[in-house]
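Q: Take this structure, written in structure tokens, and hold onto it; I'll ask about it next.
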Amino acid sequence: MNTPHGAGTASTHRVLILGAGYAGMAAAIQLAARTKRRADVQVTLVNAQERFTERLRLHMTATGQQLGEMDIPALLAGTGARFVRGWVTAVDVHTKTVRIDDSRVLHYDTLVYGLGSVADTALVPGVDDHAYTLNGAQDAALLADRLARLASGTVVVAGSGLTGVESAAEIAERYPKVNVVLAGRQEPGASMTVKAQAYLRAALDRLGVQVRSGTAVTKVLPDSVELAGGESIAADVVLWTGGTRVSPVAAAAGLTVDGRGRVVTDAALRSVSHLDVYAVGDAAAIRQGYGVMHGTCQSGMPTGVHAAVSIVRALNGRQPKPFRFGYYHTPVSLGRHDAVVQFTHPDDSPRRGFLTGRTATWYKETVSASPWPTYRRMKKMPSSGAFWPHGGRFTRLRGAR
Ligand SMILES: Cc1cc2nc3c(=O)[nH]c(=O)nc-3n(C[C@H](O)[C@H](O)[C@H](O)COP(=O)(O)OP(=O)(O)OC[C@H]3O[C@@H](n4cnc5c(N)ncnc54)[C@H](O)[C@@H]3O)c2cc1C
């Protein structure tokens, strides 16, 4: 089928949002709620699945824990926004169309690009063939299935960033008979204060996680991984969490992208090359006074809100405002009964304060559980000051522009 879908009328402004992750979902709900009574605006959200993926919790899915059902079309119900399930294969910035599943075509007047990121499985040979990932709920479920059948043996978690740390801790806690090795270049919790990092390391030791930091996994084989220097570790299961990559769709469309393929935005989150395209979340390269933001949920949701607010301003003939964001915390789960929360400066460098133990576990759970109820509240009260209309709240940075 090749018929253009959503052609609209001459007076209808079509806003198309690609990706219903933390950022795209925030943009969609905000736009839908803010334009609910306007007949001249049509909001459409496109996503690969109808069910919202709680990416923050995929290490829980991977260890067989059931998460709540979060139905995207049900959330959008009553707002007038449409949901289209499908895989975005191309954007044509000249005809202002998006191709879905290579067969359907959707038109836009304004595009919000929020296709997120996935683990970079192309960094090292063998990852695509032999390693599991946490790229989506299905990938995590595949790993859950494999782990459930593994009575003993070794799981190597490749990549010692925070996703690797959370995954290794979760697997070790759920499967105490399994030998869990966390291997990667950086020391686990490297971005935290010395004390918070020491706490995290002690928790990994308590859970029996063997840490092999200061070394890179250079190859993944069917039954082992190779480390830089030639050492080999036998592995029944390998989980790859090293590095992230973004969809090639933006670069292929001719949008200006950075070296990692992320859409380079102006201060208002519009593509610097195409002002009718906004970019949000992990898929965007957004410059702040401290540098280009790195992708997180805590920053992704405010980018979605800001893009929506800016689009509504533009529809009303007003100029969008600059986006400002400062990080405020790094919450890391260490299984279900422990966690560490490092408070941060706006540029994500650690403050002195951090939480551990039960308080941190409660804090982390509260943060991870909050997006879906937040979207529900946004649907009713999109203009509430609680939803970062101008970006994050803690944005003042000494010496920043
Ligand atoms: C295990 C794990 C734990 C994490 N923990 C934290 C944490 O504690 N705190 C934190 O801030 N961050 C955390 N992160 C990072 C965080 O999940 C990401 O930064 C966040 O999900 C980015 O949101 P997003 O909306 O940009 O993209 P995503 O959440 O990646 O969503 C993108 C959406 O687009 C869809 N999509 C992608 N390509 C296409 C396509 N071509 N066609 C159709 N649909 C498509 C995807 O299916 C998905 O629904 C964690 C990540 C992982 C994997």
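Q: Defining a contact as two alpha carbons under 8 Å apart and six or more residues distant in sequence, what relative contact order in percent does the chain show? All intermediate terms of the calculation are to be shown ahead of the outcome.
A: Details: 905 pairs, mean separation 70.2, N = 401.
In percent, rounded to a whole number, it is 18.
Q: Taking the 0 to 90 degree range and rounding to the nearest ten, how far is the long axis of helix 137-148 tilted relative to the main principal axis of the chain, both from C-alpha atoms?
A: Once rounded, the angle reads 20 degrees.
Q: Pull up all non-local amide H partners of A81: gap of 5 or more, or a different chain, and H-to-H distance under 5 Å with H placed in the peptide plane.
A: Those qualifying (amide H under 5 Å, at least 5 residues apart or on another chain) number zero.
Q: Here is a further query. When the convex hull of the C-alpha atoms of region 127-169 is computed, what volume per residue in Å³ does it have? Walk me through the numbers on the way to the answer.
A: Numbers: hull volume 3.8 nm³, N = 43.
Value for region 127-169: 88 Å³ per residue.
Q: Counting only C-alpha contacts under 8 Å and six or more residues apart, can you give the relative contact order of region 127-242 as a whole percent?
A: Details: 219 pairs, mean separation 39.0, N = 116.
Worked out over region 127-242, it gives 34 percent.
Q: Here's another thing I want to ask about it. V41's amide H: which non-local residues (gap 5+, or another chain) put their own amide H closer than 5 Å, with H modeled 1.01 Å from N in plane and none for Pro or chain starts?
A: Those lying under 5 Å, H to H, from V41 are H13.
Q: Which cross-chain or sequence-distant (5 or more) residues have an amide H under 5 Å from the amide H of V157, H modelled 1.01 Å from N in plane?
A: Here the answer is V181, L182, A183, L239, since their amide H atoms fall under 5 Å of that of V157.
Q: Let me ask another. Taking 0.36 nm per residue of separation and subtracting the Cα-Cα distance, what length does fully extending A39 through D205 add? Each step should come with its number before you reach the end.
A: Working: separation 166, 0.36 × 166 = 59.76 nm, distance 5.89 nm.
Additional length available on full extension: 53.9 nm.
Q: Between the helical axis of 194-206 and the dominant principal axis of the chain, each derived from Cα atoms, what acute angle in degrees is found, rounded to the nearest 10?
A: 60 degrees
Q: If you look at just the Cα atoms of the chain, how large are its Rg and its Dmax in Å?
A: 21.4, 65
Q: For R260 and S11, compute 0.36 nm times the residue count separating them, minus their Cα-Cα distance, and round to one decimal in nm.
A: Numbers: separation 249, 0.36 × 249 = 89.64 nm, distance 3.74 nm.
Once the chain is fully extended between R260 and S11, it gains 85.9 nm.
Q: Across the chain, how many lysine pairs, 8 or more positions apart or on different chains, have C-alpha atoms separated by under 29 Å? Please give the number.
A: 13
Q: Give the peptides 50-60, 265-275 in descending order of average Cβ contacts within 10 Å, highest first.
A: Working: 50-60: 21.4, 265-275: 18.9.
Packing order, densest peptide first, comes out as 50-60, 265-275.
Q: Between T89 and W362, how high is the FRET efficiency from 1/(1 + (r/R0)^6) when r is the Cβ-Cβ distance and R₀ = 51 Å? Nearest 0.05.
A: Details: r = 42 Å, r/R0 = 0.83.
E between T89 and W362, to the nearest 0.05, is 0.75.
Q: Modelled label-to-label distance, N316 and A77, 7 Å Cα→beta-carbon offset: nm?
A: Going from the N316 label point to the A77 one covers 3.0 nm.
Q: Continuing with the same structure: Between the alpha-carbon centers of region 289-367 and region 198-247, tell me the distance in whole angstrom.
A: 27 Å
Q: So, one more: If you add up the charges near V180, with Lys and Arg at +1 and Asp and Glu at -1, over every other residue whose beta carbon is less than 13 angstrom from its beta carbon, what do you get?
A: Numbers: positive: R174, K177, R206, R212; negative: E166, E170, E173, D205, D236.
Around V180, the charge tally is -1.
Q: Do the sum for the chain: with -39,500 (n - 2.57) for every DSSP H run of n ≥ 4, divided by all residues, what is the mean residue ellipticity at 222 nm, to the nearest 500 deg cm²/dmol?
A: On the way: 11 runs with 111 residues, N = 401.
Computed ellipticity for the chain at 222 nm equals -8000 deg cm²/dmol.
Q: Work out from phi, with θ = phi - 60° and the Karplus expression 6.51 cos²θ - 1.76 cosθ + 1.60, the ³J(HN,Hα) of each residue of region 298-311, listed in order in whole Hz, and give x for Gly and Pro.
A: Karplus-based 3J(HN,Hα) across region 298-311 equals 4, 8, x, 4, x, 5, x, 4, 5, 4, 4, 4, 5, 5 Hz.
Q: Per-residue counts of other Cβ atoms within 10 Å, averaged by peptide: what ranking do you get for 185-193, 225-233, highest first?
A: Values: 185-193: 18.2, 225-233: 14.8.
By packing density, highest mean first, the sequence is 185-193, 225-233.
Q: By how many degrees, 0 to 90 and rounded to 10, does the Cα axis of helix 22-34 deviate from the longest principal axis of the chain?
A: 30 degrees
Q: Would you look at the GNM of the chain, springs on alpha carbons closer than 10 Å, and say which of G161, G242, G353 moves the most?
A: Of the options given, G353 has the highest mean-square fluctuation.
Q: Of A39, A251, A307, which is the most mobile in a GNM of the chain whose springs link Cα atoms less than 10 angstrom apart?
A: A39
Bear in mind these aren't lab numbers, they're just calculated from the coordinates by the rules spelled out. Please read all numbers here as calculations on a predicted model, not as lab measurements. Because the Cβ atoms are built from the backbone with ideal geometry, glycine has one as well, and the counts that use them run over all protein chains shown.
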